[in-house]
Amino acid sequence: MLDHNWYNNLLTIKEANNASTEREQTFKKIAPLLARPEFKGRYNLCLVHRHVILEPGERMVATGLVTQAETVPNPTPSDIIPSCWTATGVPFEWKRVEAPEDIIAPPPADLFREFSEIVGKGIVLGLSLARDTVPEGQIWSERTDYERRQHILEMKPVEEHSGE
């Protein structure tokens, strides 16, 4: 079972973003790894961070574009799979799937090994399941609704974010 205290001690998005240094060099090394045929379109780079404070027994679970804190009593539910991992392979966010054919295998051990050789074993960069391709002129935008304890993804035109 996920240790909620471990998750609560992750950096915030702002802290993780500020701690992610030497991006250009790191991205140049990671790009060929994630572009390999066996990984392309399956896994992406992500910032390891928390969205809200979890209570005992809770996990961050995505249903569609909304990720929220949920109590998950079964440690291995059949409809919830890991969707984000630290560089060493520790899952920290999950995704709800509708059918068994929607289940995507976690990154293999050799990907985590090669990935952590590039980024180190720190807590800033990790791997996530790939999302749908963003259409030209669009960008994923994320926000957190702290009152509802939800992280919300939206697709928006790039020009709305040009100054951020």
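How about K156: which lysines have a C-alpha closer than 19 Å to its C-alpha, ignoring those fewer than 8 places off in the same chain?
Excluding near neighbours in sequence, the set is empty.
Once you charge only the Cβ atoms, +1 for Lys and Arg and -1 for Asp and Glu, what is the size of the charge dipole of the chain about its Cα centre, to the nearest 20 debye?
400 debye
Name the long-range amide H neighbours of I80: under 5 Å, sequence gap of 5 or more, or other chain; modelled H, no Pro or chain starts.
When sequence neighbours closer than 5 places are left aside, the close amide H contacts are V97.
For the chain, modelled as a GNM with alpha-carbon contacts under 10 angstrom, which of V134, V119, V52 fluctuates the most?
Of V134, V119, V52, the Gaussian network model singles out V134 as fluctuating most.
Residues with amide H under 5 Å of L11's amide H, sequence separation 5 or more or different chain, H placed in the peptide plane at 1.01 Å from N; which?
Amide H to amide H, under 5 Å and 5 or more residues apart or across chains, L11 pairs with R50.
Could you list which residues have their amide H under 5 Å from that of Q138, counting only those 5 or more apart in sequence or on another chain, with H placed in the peptide plane?
V158
If you bin the C-alpha pair distances of the stretch 4-133 every 5 Å from 0, what whole percents do you get?
2, 10, 20, 23, 20, 15, 7, 2, 0
Just to check I understand the Karplus step: with θ = phi - 60° and J = 6.51 cos²θ - 1.76 cosθ + 1.60, what whole-Hz values come out for the stretch 128-138, glycine and proline as x?
9, 5, 5, 8, 4, 5, 8, x, 3, x, 10
Write out the GluC sites (Glu not before Pro) in the stretch 45-147 meeting two conditions: DSSP loop, and at most 12 other Cβ atoms within 10 Å of their Cβ.
Those satisfying the criteria are E98, E136, E147.
Could you tell me how far the Cα centroid of the stretch 141-160 sits from the Cα centroid of the stretch 18-40, in Å?
That distance is 24 Å.
Note down the relative contact order for the chain as a percent, whole number, built from C-alpha pairs under 8 angstrom at least six residues apart.
The value is 25 percent.
Just to verify a number: FRET efficiency for A109 and E159, C-beta to C-beta distance, R0 = 41 Å, to 0.05?
0.45
From the phi of every residue in the stretch 14-21, what ³J(HN,Hα) in whole Hz does the Karplus formula 6.51 cos²θ - 1.76 cosθ + 1.60 yield, where θ is phi - 60° and glycine or proline is x?
My calculation for the stretch 14-21 gives 5, 5, 5, 4, 5, 7, 7, 10 Hz in order.
Identify, among S128, N44, A31, the residue whose Cα sits farthest towards the positive end of the charge dipole of the stretch 4-133, taking +1 on the Cβ of Lys and Arg and -1 on the Cβ of Asp and Glu, with the dipole about the Cα centre.
Of the listed residues, the answer is A31.
No value in this document is a laboratory result; all are computed from the given coordinates. Because the structure is predicted, anything quoted here is derived from the model rather than measured. Every residue, glycine as well, gets a Cβ built from its backbone with ideal geometry; the counts of neighbours run over all protein chains shown.
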